Amino acid sequence: MCEALWDLFADQDTAVARILERHRVHRETLYRAARCCLDKHEDGKIFGFRVALRYVRTKGYERVTLVAPTPYARDGCAGAFGQLMRDYPAIDQLIRKAVQSRNKSVKLGGQVRQPIRDIHREFIEACRTAGITGDKYPLNTKRLAVRSLSAYIRGIVEKDFDMAVSHARGRKARMAPSTMEQAPAATRPFEVVEFDGHQIDLRVTVRLIDPFGMEQTLELHRIWILVLLDVYTRAVLGYHIALGKEYNKDDVAAALQAALTPALPRYYCIPELTVRDGGGFPSAVVPETAFACWDWFRMDGAKSHLAADTLTRLNQIVGCWTDNGPPATPNDRPYIERFFHLIARHFAHRLPGTVGNSPEAIERALSEPKGDARLNVELPELEDMIHVLISNYNATAHPGVGGKTPLEAMSYSLQVSNAFLRKLPMPLRSNLCLMQEARVVPIRGSVEAGIRPHINFWHVKYTSAVLATNAGLIGRKLRIYYDVRDIRAVKAFFEDGTELGILTAARPWHITPHSLRVRQEIYRLIAERKLAVERDECPVVAWGRYKWRQAKGNKRAANALTKQQSDLLSIPSAASPPALEAPPAIAVAAVAPAEPQGERPAATEPSAQQVPQPTAAPKPKPMQIRRTITF
């Protein structure tokens, strides 16, 4: 049979009659075997020529007839349980859910390791709820199919190795075979990159201007640094500093954009900081790598990494495959973990205010500021030092690339191998904004009630002069694009791609720039009755006052204020709504660092947050007291 199948599939010139005569097989037998070759095997592949082996079955036994309505039957029930699972998929899902949650940690109102008898009791109740009467299987059997249920549960557990280990009370497996294709070994630049976030072991302060115009020094939560590292050359392609207590998908998007776009010049607030000769980032030192895309993106299973928006950006914009490694296995991403170890050991643990790698670390005891916040590193200083640190790292000889520096290895590999780098399309380069998201919303309005056409986006109405005057647009759908760092305005398109224009938020949300997360937090605080907003008052200003009341004793509030200011600095000027001037951030304005003396060497900055500082420090406007009132 195997030779007949080979002639049938491989030799297209031989007639079927000749194959039947040569191998002496029946026509229906040959055709049936050919159809079975394409059936799916349990290992995920097709059966192929395995169907020609003796006693091989492509399908298991499936019962067709119903169990005889004999009360308390003990035999004649072969395949009846599988038939029941096929006919009632809801019962099958109930059993699988109970098996998966059987060995999980106990929760409020739950029990530890639910026994089979309790699962059987729920199974019988589900059968009665599904309309199975007492004269039908399994209610017409003596033990109500408890043994069949146990065998079915055993089969579910044995098909998942991790679940089998958990049910057997064994040790957790170190590595599990992944169902996704894994990244190959890197053989050229930009073939495989590793990405992860690291919480810097350092206490950081920031200087902000409070609503009364006074400078305040606040201490932040430990901040994160997100890094993309090329595996073949060990070069850091880009990074982003996340100011939240935990980084999110927006911070991941900022890191991706920093690695894709060319590095920008940067000037330091610390005069002594310089980048060594030959240092910097690949997109600035090696011009061929500007806007270059990678093929594989290796990461861990953090929620922000697996967010739908993150995967969409990687697959549709960058055009790469993702390799999601198992959690708590740093050896699967050794290069990025080694880089973070170097940052911690040779940078963070040597600065005042470090917390060390443990509460008992000697560095933590020696660097304790003892209430003097001036000894802690300020955020602008930390940003400058991290930029110089990574720039110098790219210019340091690395044993993993033959003693060359990562930048030398990058340039040499591109010249010798004449490698082709896949780059972003030209239309995306001029307007690349990975912080931008899309959503489809309907146009609301009512002619009878006199409500002008508008859209609703996160509890706020958006409209424009064109949309508000056209009643025929009510009921149509728009695809809006918005920058999560500033949602005062969105750009709207119809479903056929026709542009409608800019839609602006209704008063008072169009005044102060604010991010999507700030608006979400404002409405959450209002719902919890923790924030009161007066009539016609800007909610963002009220939120700023609320955060300032907590900032001195709450590091999370200080991080929120700093994050708001950082988002404002990172928004390009084109993101401001039309016919609106960007108002001053009266509640969260940061103190601009003084311009360093003398000429500074041009450096590179992969983060979109940094902008060149003004050439001269702003001068305060003199105040004159015109009238004095005494009470």
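The values are calculated or read from the model by the stated rules, or taken from the named source; none is laboratory data. Bear in mind the structure is a predicted one, so any value in this text is a computation, not a measurement. Backbone-built Cβ (ideal geometry, glycine too); neighbour counts: all protein chains shown.
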Could you say whether any residue in the stretch 216-238 is touching a Gly at 6+ places or on another chain (Cβ under 7 Å), basic (Lys, Arg) and modelled with pLDDT of 85 or more?
yes
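Here is a yes/no grid of residues against (1) touching an Asp or Glu at 6+ places or on another chain (Cβ under 7 Å); (2) modelled with pLDDT of 80 or more; (3) within 27 Å of residue 34 (Cα to Cα); (4) outside any loop (DSSP other than H, G, I, E, B):
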| position | (1), (2), (3), (4) |
| --- | --- |
| 57 | no, no, yes, no |
| 64 | no, no, yes, no |
| 68 | no, no, no, no |
| 76 | no, no, no, no |
| 94 | yes, yes, no, yes |
| 108 | no, no, no, no |
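One line per residue, one yes/no per condition, for (1) in a helix (DSSP H, G or I); (2) at pLDDT 50 or above; (3) on the phi < 0 side of the Ramachandran plot; (4) not assigned by TED's automatic domain parsing to the domain that holds residue 473:
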site	(1), (2), (3), (4)
500	no, yes, yes, no
514	no, yes, yes, no
520	yes, yes, yes, no
547	yes, yes, yes, no
561	yes, yes, yes, no
564	yes, yes, yes, no
582	no, no, yes, yes
597	no, no, yes, yes
603	no, no, yes, yes
Would you mention how many residues in the stretch 316-348 are over 26 Å from residue 245 (Cβ atoms), part of a loop (DSSP other than H, G, I, E, B) and not hydrophobic (A, V, I, L, M, F, W, C)?
1
Unique residue being touching a residue at least 12 places away in the same chain (Cβ under 8 Å), more than 31 Å from the chain's Cα centre (by Cα) and either closer than 27 Å to residue 524 by Cβ or outside the structural domain of residue 238 (by TED's automatic domain parsing) (or both) when the list is 476, 485, 439:
476
Complete set of residues in the stretch 452-470 that are without any contact (Cβ under 8 Å) to a residue 60 or more places away in the chain and either loosely packed, with under 14 Cβ neighbours inside 10 Å or not hydrophobic (A, V, I, L, M, F, W, C) (or both)
452, 453, 454, 456, 461, 462, 463, 464, 465, 469, 470
Filter the stretch 207-232 for residues that are over 24 Å from residue 295 (Cβ atoms), assigned to a loop (DSSP other than H, G, I, E, B) and in contact with a Ser or Thr (Cβ under 8 Å, 6 or more places away or on another chain) and give the result.
220
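Would it be correct to say that residue 125 is modelled with pLDDT of 85 or more and of a type in the set (D, E, K, R)?
Values: modelled with pLDDT of 85 or more: yes; of a type in the set (D, E, K, R): yes.
Against the criterion (modelled with pLDDT of 85 or more and of a type in the set (D, E, K, R)), residue 125 qualifies.
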Return a yes/no flag: does the stretch 35-48 have any residue that is surrounded by 15 or more Cβ atoms within 10 Å (Cβ to Cβ), at pLDDT 80 or above and closer than 30 Å to residue 134 by Cβ.
no
Take the stretch 286-318 and flag every residue that is among the polar types (S, T, N, Q) and either in contact (Cβ under 8 Å) with a residue 12 or more places away in the chain or in contact with a Gly (Cβ under 7 Å, 6 or more places away or on another chain) (or both).
289, 304, 310
The helices (runs of 4 or more DSSP H) lying wholly within the stretch 233-315 that contain at least 3 residues that are crowded, with 24+ Cβ neighbours inside 10 Å are 249-260
